[in-house]
Structure formats: structure tokens, C-alpha cells
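The values are calculated or read from the model by the stated rules, or taken from the named source; none is laboratory data. This one's a predicted model, so the numbers in the text were calculated from it and none came from an experiment. Positions of Cβ are generated from backbone atoms using ideal geometry, with glycine treated the same way; all protein chains shown enter the neighbour counts.
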């Protein structure tokens, strides 16, 4: 089975797929009389025509590595941000699009304190915490359409550490 | 000095001020072939005229109890959600409005796994983690106006546990 080695998550490596949200480098603003750093407006949100922003909570059962991935999905009408609500390891799988199908997948291991925002229409694996509690806030499109496309791979792949 | 005792955060007690976001009770939807519970669209977001949703990260230095509070603020043009990115204790201070000024303050201690969304215009204290890393994702209004009103109290109060 094809093997995809998980890479550390960095803004540069993830740029083709979305935003890495992290309190890194200089804050854009220091607020609350010096007590708080604000890293301002770090996600390219896009809720498409007729959509609006919503916050949902996802609680997923943890998986483990090596992790076999047989399906990728995408949301054609909106971006989707995942904010971990605990400092647990998790896995992010994405793939570039090639003629309406996912091409070579990539896998990333976020560091503690990193969140992501998948840009509209980016192929990705389902939410994959690697430990409890598997709890995330998800900022995505609320709208009246299904807004999901699933692609079952001819050949599943396995993500390794 | 006036003393305000911090209460456990519950959706019912917090309802006059905003939403409690938590993976409690039955999920609205089970997704990802049974692996993930979705608690759907749990925040009453409101970004006012000319505003849009943004995700920022706030990293605040921790405070401790008893905590003296001398200032409350509000955002007249938008809601503001705080999602803790670690399972640390934190404090939420809010107050009802009375003729344009904050009236009797309340203080809440969220449980692990709880986030909040302050409704537009609700008086609140600054972000108050009670331990490191003090890291939060903040979903609030991005716009061209200051969108903040500060009220310095004639008589500060102290929050106790």
C-alpha cells in the first residue's frame, strides 16, 4: 500500500491547502494593557454565496498511526477551520485537486497550539485526532446545501509517522 | 471591596450574555461513518453591518484568584467567541447593561471543553486565563471601526472562587 509520511505542520508547507493559525512570531497587536497578544485575522474564511459563518463542536474518537485512508472529501461552498480544544496530537490529511479528483496526498502533524483553516474546495481526510478528547471547534459554512463531495480512492494509502 | 463569587458556567446561567459551546447531550449529527459527533451551529454570531467573521488567536498571560476587576468593555458591532486551545482554567466576567453602563457583574468558571460566544454588545471583562498557555481562538468581527467601548468602574470588584 502506498505510504505517506506525516510532516510537521508549517505555514509554508500548508499554504497550497489553507492557513495555519498559531501564536508565532510577533503579534499584530498587544491589547488589554499589555496582558494579551492578538494574532489578528489569520484565516481566509469563505462561506460562499448564501452561506454564513457558524461555530460547531466536533468530538471524534481517536485514531492511531499507521492510519489507513480510503476517502477524501471537500466542501465546494466554504472554508472549514479546525481549532483543537485540548493539546492532543492530531493528523491533517490534504491533497491537491487534479481534474476534479484528489492527487498525491500529504499528511501533517500539527504542533500544540496550532489550528488550521482549509480553504474552500480543498480535498482533505476526515477529522483525525490521535488521542482523547478529540474535541475541536469547527468554523465553517452554515447553509441550505449539502456542501460535501466524497471521493473514494481506488487505492487507499497509509499515513506513517 | 465588593466580592463576586465565580459560578460554574452553564448554558442556562449564561443565556442572558451569550452561548456556551460544549459537546454535551446528544449530538445534532453523527458523521464520518460513526467516528465523529457534530454539535451543530451552537453560537449566535453577529458581525453587524459592514463586518465579517474572522479568526484571531489571543495569547494572554495568566491571572489568579482573587482577581480584581476595574474595567468592563463591550463590542457594539459584533459578537465575540472565545475557544480555549488547551484544557486550562479560565474566568469569564460579564454584566448586564443598565442605561449604557454595566450593572451587577457575574463571574463564571468554564469547565474543560467549554467555549463561549458573547452576544453583540454584552459587557465583559478582558480575557482571563488562570493558567498557561492562555491561548484562545477568537471568532469576532473584522471591520473598519474600533468596535470597542470601555467602562472604568467607580468601584472595582474582586472575583473569588
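Results, tabulated for the structure shown:
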{"item": "Selected residue [part of a strand (DSSP E or B), in contact with a strand residue (DSSP E or B) (Cβ under 7 Å, 6 or more places away or on another chain), more than 9 Å from every other protein chain (Cβ to nearest Cβ) and under 21 Å from residue A:81 (Cβ atoms)] from B:139, B:116", "result": "B:116"}
{"item": "Residue list for the range A:12-21, restricted to those being out of contact with any helix residue (DSSP H, G or I) (no Cβ under 8 Å at 6 or more places or on another chain), touching a residue at least 12 places away in the same chain (Cβ under 8 Å) and under 19 Å from residue A:139 (Cα atoms)", "result": "A:14, A:17, A:18, A:21"}
{"item": "Wholly enclosed strands (runs of 3 or more DSSP E) of the range B:13-71 bearing at least 3 residues facing another protein chain (nearest Cβ under 9 Å), modelled with pLDDT of 95 or more and over 18 Å from the mean Cα position of the chain (by Cα)", "result": "B:36-39"}
{"item": "Filter pass, residue A:74 being over 19 Å from residue A:139 (Cα atoms), surrounded by 14 or more Cβ atoms within 10 Å (Cβ to Cβ) and in contact with a strand residue (DSSP E or B) (Cβ under 9 Å, 6 or more places away or on another chain)", "result": "no"}
{"item": "Residue tally, condition within 14 Å of chain A (Cβ to nearest Cβ) and assigned to a loop (DSSP other than H, G, I, E, B), over the range B:74-104", "result": "8"}
{"item": "So residue B:107, is it more than 10 Å from every other protein chain (Cβ to nearest Cβ) and closer than 30 Å to residue A:130 by Cα", "result": "no"}
{"item": "Conditions (1) surrounded by fewer than 18 Cβ atoms within 10 Å (Cβ to Cβ); (2) within 11 Å of chain A (Cβ to nearest Cβ): number failed by residue B:121", "result": "(2)"}
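Per-residue answers, yes or no, for (1) over 11 Å from the mean Cα position of the chain (by Cα); (2) more than 24 Å from residue A:39 (Cβ to Cβ):
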| residue | (1), (2) |
| --- | --- |
| B:96 | yes, yes |
| B:105 | yes, yes |
| B:109 | no, yes |
| B:131 | yes, no |
